[in-house]
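Since the structure comes first, as structure tokens, the remarks are kept for the end.
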Amino acid sequence: MKELLISSLLGISVLLFDLLRLRRAILPLVAAGLIALVAVVVVDWGTASNPFGNNMMLMDGYALASIGILALLTLFWFAITSDSYPAQSRRTDLYALVLFSMTGAVVLVSYTNLVMMFLGIEILSIPLYVLVSSDRQNPLSNEAGFKYFFLGAVASAILLFGIALVYGATGTFDFTELGAAVSASTSNLMLKAGIAMMLAGFAFKVSAAPFHFWTPDVYQGSPTTVTAYMSSVVKAGAFLALFRLCTGPFSAVMDGFTDMLAFLAALTLVVSNLMAAVQTNVKRMLAFSSISHAGFLLAGVMTGGETGPGILLYYSLTYGIASITSFAVLHVVSSYQNGAMEYDAFRGLVRRNPFLAGAMTIALLSMAGIPPMAGFMAKYFIISGIISTDMVWLAVLMVLTSVVGMYYYLRVIIAMFTPVENAGRIMLRGLQHYTYILLSLLMIILFFASGFFEVLNF
Amino acid sequence: MITEYLFWFLAFVSVFGGVATILSRNPVHSVLYLILTFFAIAGHYLLLNAQFLAAVHVIVYAGAIMVLFLYVIMMLNLNRLDAEKRTLIGKVTSAVSAGLLLLVMVGVARGGSEAGEAPAESIDAGLVENLGQVLYRDFLLPFEMASVLFLGAMVGAVFLSKKELNS
């Protein structure tokens, strides 16, 4: 309850602060609020939690850990993009929208009722449609907003249709009753069709192939800072919600959907990596790379079991940090090159700003899964989890597609270390250096702290 | 018995209206067919003892939203939709994806059993009083969270339509 109150009140107070002409205090307020959210999670950790709102939500260990990770990722996002928006009222609206969207993610990781789940998806999505088209002078951003809005509405409709069919089959939205009704009638036609449609709706929201067609255009068209938010907090929230659904009320029938999820994951991995390899635009390449990580996370959802939640949380956190860092670097670099985002824009970055080059190198190596970075452990956990569920072919496919991934990540790194003549330096303002250093260190520290997540037990 | 006939009649009307909405060349006809569909769905609500919902459905959808649709069509002068060129590849792609969706649904449905009989609802389940009890007692938290959703949507609408301050 406290977590939900803090996150939704934070968005409203940002709007109030703007109204009271306290614009300078908004960033400190947001930072304090997000830190308070993490603190509440730490204080509540391990205490027995009761469902609230008439069994609508439950702040169990999984929900608390997820909220902690979402709050941390949002905090990092604010720290790293704080200088990207000029201090004016537009910025306040953007911040409020981001915080509302995060509230949706908080609902999505702690719901115990399908009504709450759908509300969470919508609270997460609707501010995003606006954020994506927030660069109003740019036709690409408008196009991205329109595409995302219309396709997102169709996906929500399919999800809602699925929820309606599940309700028709079981007569309840509540997780406990739903779990009992599902295990009592595992072969019910209406129930299975409903779950399939819900999975399709989620596959769109998490951009798994073949529901991924919106992702490259939307990620490329939206302002780079918004892309950073979408690929970290939004992606993590949607996957954590899907995991809560699959391991919660639907766990009794999930065996029947393993093939479907495995097919989605395999297709996602192959399509995204092959498409990413042929891109010339780094932002588009990172968008396809984000789809390929959705393939890994989908496999993580299938793993389930005792260690499943810890693995999924670990992957969400490490990928979130790496993608926030890489999109933030891309934003800074392209803003010094008249918006150019080709591989060439990164040439000689190590001379122009060693901090940016170092952070980008670590982030890309983490996404590629090279040992001293946290991304390696994340991929290792998921692959070993998949092997233990006897799907060796999927594990082999993951390793093979990771090799393809290595190619396009290394292209950026090679470009950064290619010397160029008389390139101007890139200056960073304020606390940004420290943020980049902190995030780079985290990506290495998390590698050694991975054992903590593996034994995380709920 | 009569309710069953009524159900099949309303089902036919709503599906017919839905199909005619997307097949009509003239947007105004589309809107009129959509209104027909909404009325048929309101009839379904009545059959399900949801009287209040039926009334609200007619007022909000068939009334307010459809009037808005008609206004937009008239203001943009869309009353003749030019037959847009559909390429062969577009047709093939849409047919293939719709077929794939059917394939997935058939695959899921394979070997499943039919749903059982739905429990009968009491006759006054859809009255305002009972609906209010459900909305403000059982589903109070979703009701309150919806306000966050609407606030977000409102801020977004203002944000997108506001003038640039420094241009």
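Miscellaneous remarks
- Filter result for A:G68 (in contact (Cβ under 8 Å) with a residue 60 or more places away in the chain and either small (G, A, S) or under 21 Å from A:Y315 (Cβ atoms) (or both)): no
- Checked against the criterion of being surrounded by 19 or more Cβ atoms within 10 Å (Cβ to Cβ) and facing another protein chain (nearest Cβ under 8 Å), region A:133-141 contains one or more residues that satisfy it.
- Applying the criterion of being within 7 Å of chain A (Cβ to nearest Cβ) and among the small types (G, A, S) to the residues of region B:139-159, the residue that is farthest from A:S8 (Cα to Cα) is B:G156.
- The set of residues from region B:29-54 being more than 13 Å from B:G17 (Cβ to Cβ) and without any contact (Cβ under 8 Å) to a residue 12 or more places away in the chain comprises just one member, B:L46.
- Applying the condition of being in contact with a Ser or Thr (Cβ under 8 Å, 6 or more places away or on another chain) and more than 12 Å from chain B (Cβ to nearest Cβ) to region A:13-26 and asking which residue is modelled with the highest pLDDT yields A:F17.
- Counted residues, region A:340-374 - those being in a helix (DSSP H, G or I) and without any contact (Cβ under 8 Å) to a residue 60 or more places away in the chain: 6
- Qualifying residue in region A:167-177 (condition: free of Cβ contacts under 8 Å to residues at least 60 places away in the same chain and aromatic (F, W, Y)): yes
- Considering residues of region A:142-156 that are of a type outside the set (A, V, I, L, M), farther than 16 Å from A:G104 by Cβ and away from chain B (no Cβ under 11 Å) only, the residue surrounded by the most Cβ atoms within 10 Å (Cβ to Cβ): A:K147
- Residue within region A:422-443 that is in contact with a helix residue (DSSP H, G or I) (Cβ under 8 Å, 6 or more places away or on another chain), at positive phi and crowded, with 18+ Cβ neighbours inside 10 Å present: no
- Helices (runs of 4 or more DSSP H) (entirely within region A:184-272) containing at least 3 residues that are at pLDDT below 90: A:189-205
- Which numbered condition B:A95 fails, given (1) more than 22 Å from the chain's Cα centre (by Cα); (2) modelled with pLDDT under 85; (3) away from chain A (no Cβ under 14 Å): (2)
- Taken over region A:97-142, the criterion of being charged (D, E, K, R) and under 21 Å from A:T224 (Cα atoms) is satisfied by A:D135, A:R136.
- All helices (runs of 4 or more DSSP H) inside region B:7-82 with 3 or more residues being farther than 29 Å from B:E129 by Cβ and β-branched (V, I, T): B:27-47, B:66-75
- Being buried (at least 22 other Cβ atoms within 10 Å of the Cβ), polar (S, T, N, Q), more than 10 Å from chain B (Cβ to nearest Cβ) and touching a His at 6+ places or on another chain (Cβ under 9 Å) is not true of A:T112.
Conditions tested, residue by residue: (1) touching a helix residue (DSSP H, G or I) at 6+ places or on another chain (Cβ under 7 Å); (2) assigned to a helix (DSSP H, G or I); (3) over 24 Å from A:S316 (Cβ atoms); (4) at pLDDT below 95.
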site	(1), (2), (3), (4)
A:E3	yes, yes, no, yes
A:G11	yes, yes, no, yes
A:P28	no, yes, yes, yes
A:N54	yes, no, yes, yes
A:A63	yes, yes, no, yes
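- As a summary of the residue check, A:T47 satisfies the conditions (1) surrounded by fewer than 18 Cβ atoms within 10 Å (Cβ to Cβ); (2) part of a loop (DSSP other than H, G, I, E, B); (3) in contact (Cβ under 8 Å) with a residue 24 or more places away in the chain; (4) not acidic (D, E) except for the one numbered (3).
The values are calculated or read from the model by the stated rules, or taken from the named source; none is laboratory data. Here the structure is a predicted model, which is why all the values come from computation and not from measurement. FYI the Cβ positions are ideal-geometry reconstructions off the backbone, even for glycines, and counts take in every protein chain you see.
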